[in-house]
Every structure is written in C-alpha cells, then in structure tokens.
Amino acid sequence: MQLARVVGTVVATQKHRTFEGAKLLLVQPLTLDDRPRGTALLAVDALGAGVHEKVLIVLEGRAAGDALGRRLAPVDAAVVGIVDRVDLVEA
Amino acid sequence: MILARVVGTVVATRKDPRLVSNKLLVARTMDPHGKADGSYLVAVDTVDAGVGETVLIVSGSSARMAAGMKDCPVDAAIVGIVDAVEVAAGD
Amino acid sequence: MQLAKVLGDVVITRKDENLVGLKLLVVQPLAADGSHVGRALVAVDAAGAGVGETVFFVRGKEASFPWYPTEVPADAGIVGIVDHWDLG
C-alpha cells in the first residue's frame, strides 16, 4: 500500500458497468516526506475521501475490487483508508 | 517477497472495515545487506512486528494469503520478522 | 488506473483467438495536468472509446475482467471515458 494525496475528482459517464456509482479520485502518491512520487493515478473510493486528504491506497487489482465490493471489476487501485497521522521514527 | 525495515506506523480512523483490527506499518525496502534503497511501502502487519525490526513482506495478490487477510483489500503484508540475512561473499 | 489520451487504433489480422472482435487502441498516459507521461501502449477497449478521447485504463490482468470468463490476453484495458477531471 502507499500513501497518497487526493488531488482531484474524475467524471466519466461512459464506463464499464462495474464502475457504476463508484467515485473516481485522482491521487498523487507521496514520499514519506510528503513530496510527489511518480505520476498521479486514478483510484476508486468507497470511503468518501475528499480533495486534499491524505489516503492509503492499495495498488493491486483483486484487492481494489474487494475494496469496491465487486469481484472481477477491472480496477487496479482503491482508497482503503483516510490517514489521520503517520508516525515515523526516522525519516 | 522483499526485505524491509519498519520505520513507522500509519494511523487511519476511517478505513475499510476489513482493516479495522490490523496494524498498518511504514516499511523502508532494503537490499540484502540491510541498506535502504530509498523506497517505502505501507504493509499490514500479521506477525506483530514493531518499529526498528527487519521484516519479510509479501506483496501483490499473494498478500491476501497471509494469515487473516483472506478477502481483505491489501497488497502488502508483513509475514515474518527477520533474525538475520546471510549473503554469500561477493553477492 | 491512469488517465490517457487515445492516440490511434491498432489493426491486427492474426492475433490470439481471444482477442478477435476486440478493439485495440494506442493510449498515451497523462499526468494530472494533462501532459504526456511515460510511453504510449496498446490497450483493449471495454468502454467504447475512440481516437482523440480522454480515457482511463487499468493495468494488469484485471484488464481482461470485462470479458470474464474468457481469458483475454491483455495487460491494459480502457474501462472508462473521461468527461472531465477537476483538480482541487
């Protein structure tokens, strides 16, 4: 799993039926010191995360489908937690 | 599977209900010589690992084969606490 | 998943039998600001996308799920057409 910041929302009317009703967020993966890491990607969200929030994302298909509650959904990333705090002993 | 050192914890009050009873740890991936390679991941803990320990992490769909993780939306799980890594000279 | 722009389509006559009838499109991944990022790749289309459209695609074996239980040998698949995206 990775830490990421929600940076936007995506609206798509025409999509695979397993996405119906699912919220799509644009999330930017972060390093441990909160800098952007790689390219922003799309993740489904079943928790109600909002823009600017720090989230925990899962980056594997079956796990993302489980998060969405839909087996065999063609998804590869999902928000599984909204991060309150990360405690580090060394940066 | 990869070797990593646990460097912190993630606190997330709102998260997928299947993750409620699990500890989420921040781990820095490392080479067999114990040197951090600059990357990190968040993994669910299934062996009661603690900060500072060297651990074995299974990632991808196999993470759900870790104890208690069946059908949980995770893509990385700590499945062992490493006592020592022995590397042949020259490798 | 990632945002991408559909750059073109791929016409292949001889192909795996489980790809027959499927549309193959060339997609260029996009960053959040719409700029091109990384290499273009070929994706199967499960959303009815066309050239010039902005889409989102899934990587990995999940790309084949829209055709389950047929085992489509694809590692990237377009699963939605993006109307717009908003940055906070």
(request) Say whether the condition of being crowded, with 20+ Cβ neighbours inside 10 Å, more than 15 Å from residue C:1 (Cα to Cα), free of Cβ contacts under 8 Å to residues at least 24 places away in the same chain and more than 8 Å from chain C (Cβ to nearest Cβ) is met by at least one residue in segment A:65-73. (result) yes
(message) Go through (1) surrounded by fewer than 22 Cβ atoms within 10 Å (Cβ to Cβ); (2) within 8 Å of another protein chain (Cβ to nearest Cβ); (3) of a type outside the set (Asp, Glu); (4) part of a loop (DSSP other than H, G, I, E, B) for residue B:73 and report which single condition fails.
(response) (1)
(message) If I filter segment C:56-79 down to residues being among the small types (Gly, Ala, Ser) and more than 7 Å from chain A (Cβ to nearest Cβ), which single residue comes out as nearest to residue C:5 (Cα to Cα)?
(response) C:76
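Scan B:51, B:20, B:26 and give me the residue that is buried (at least 22 other Cβ atoms within 10 Å of the Cβ) and either within 12 Å of another protein chain (Cβ to nearest Cβ) or in contact (Cβ under 8 Å) with a residue 60 or more places away in the chain (or both). Steps first, please.
Numbers: B:51 fails: buried (at least 22 other Cβ atoms within 10 Å of the Cβ); B:20 fails: buried (at least 22 other Cβ atoms within 10 Å of the Cβ).
Result: B:26 is the single residue among B:51, B:20, B:26 that is buried (at least 22 other Cβ atoms within 10 Å of the Cβ) and either within 12 Å of another protein chain (Cβ to nearest Cβ) or in contact (Cβ under 8 Å) with a residue 60 or more places away in the chain (or both).
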(request) Evaluate segment B:53-72: report whether one residue or more is over 13 Å from the mean Cα position of the chain (by Cα) and within 20 Å of residue A:30 (Cβ to Cβ). (result) no
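Does segment C:48-68 contain at least one residue that is among the small types (Gly, Ala, Ser), crowded, with 20+ Cβ neighbours inside 10 Å, out of contact with any Pro (no Cβ under 8 Å at 6 or more places or on another chain) and part of a strand (DSSP E or B)?
Taking segment C:48-68 first, the residues among the small types (Gly, Ala, Ser) are C:48-50, C:52, C:60, C:63-64.
Subset that is crowded, with 20+ Cβ neighbours inside 10 Å: C:49, C:60, C:63-64.
With out of contact with any Pro (no Cβ under 8 Å at 6 or more places or on another chain) added as a condition, the list becomes C:49, C:60.
Filter once more, so that each one left must be part of a strand (DSSP E or B): none.
Checking segment C:48-68: not a single residue is among the small types (Gly, Ala, Ser), crowded, with 20+ Cβ neighbours inside 10 Å, out of contact with any Pro (no Cβ under 8 Å at 6 or more places or on another chain) and part of a strand (DSSP E or B).
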(request) Kindly indicate whether any position in segment B:20-40 is touching a Pro at 6+ places or on another chain (Cβ under 6 Å) and under 21 Å from residue B:64 (Cβ atoms). (result) no
(message) For segment A:48-60, check the following and say yes or no: at least one residue is within 12 Å of chain C (Cβ to nearest Cβ), touching a Pro at 6+ places or on another chain (Cβ under 7 Å), within 22 Å of residue C:79 (Cβ to Cβ) and without any contact (Cβ under 8 Å) to a residue 24 or more places away in the chain.
(response) no
(request) Answer with yes or no whether residue A:35 is more than 29 Å from residue B:51 (Cα to Cα), surrounded by fewer than 24 Cβ atoms within 10 Å (Cβ to Cβ), without any contact (Cβ under 8 Å) to a residue 12 or more places away in the chain and of a type outside the set (Phe, Trp, Tyr). (result) no
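If you scan segment B:3-17, which residues turn out to be assigned to a strand (DSSP E or B), among the β-branched types (Val, Ile, Thr) and facing chain A (nearest Cβ under 7 Å)? Walk me through it before giving the result.
Start the filter on segment B:3-17 by keeping residues that are assigned to a strand (DSSP E or B), which leaves B:3-11, B:14-15.
When the remaining residues are screened for being among the β-branched types (Val, Ile, Thr), the result is B:6-7, B:9-11.
B:7, B:9, B:10, B:11 - these are the residues of segment B:3-17 that are assigned to a strand (DSSP E or B), among the β-branched types (Val, Ile, Thr) and facing chain A (nearest Cβ under 7 Å).
No value in this document is a laboratory result; all are computed from the given coordinates. None of the values given here were measured: they were computed from a predicted structure. Quick reminder, even Gly has a Cβ in these numbers, built from the backbone with ideal geometry, and neighbours come from all protein chains shown.
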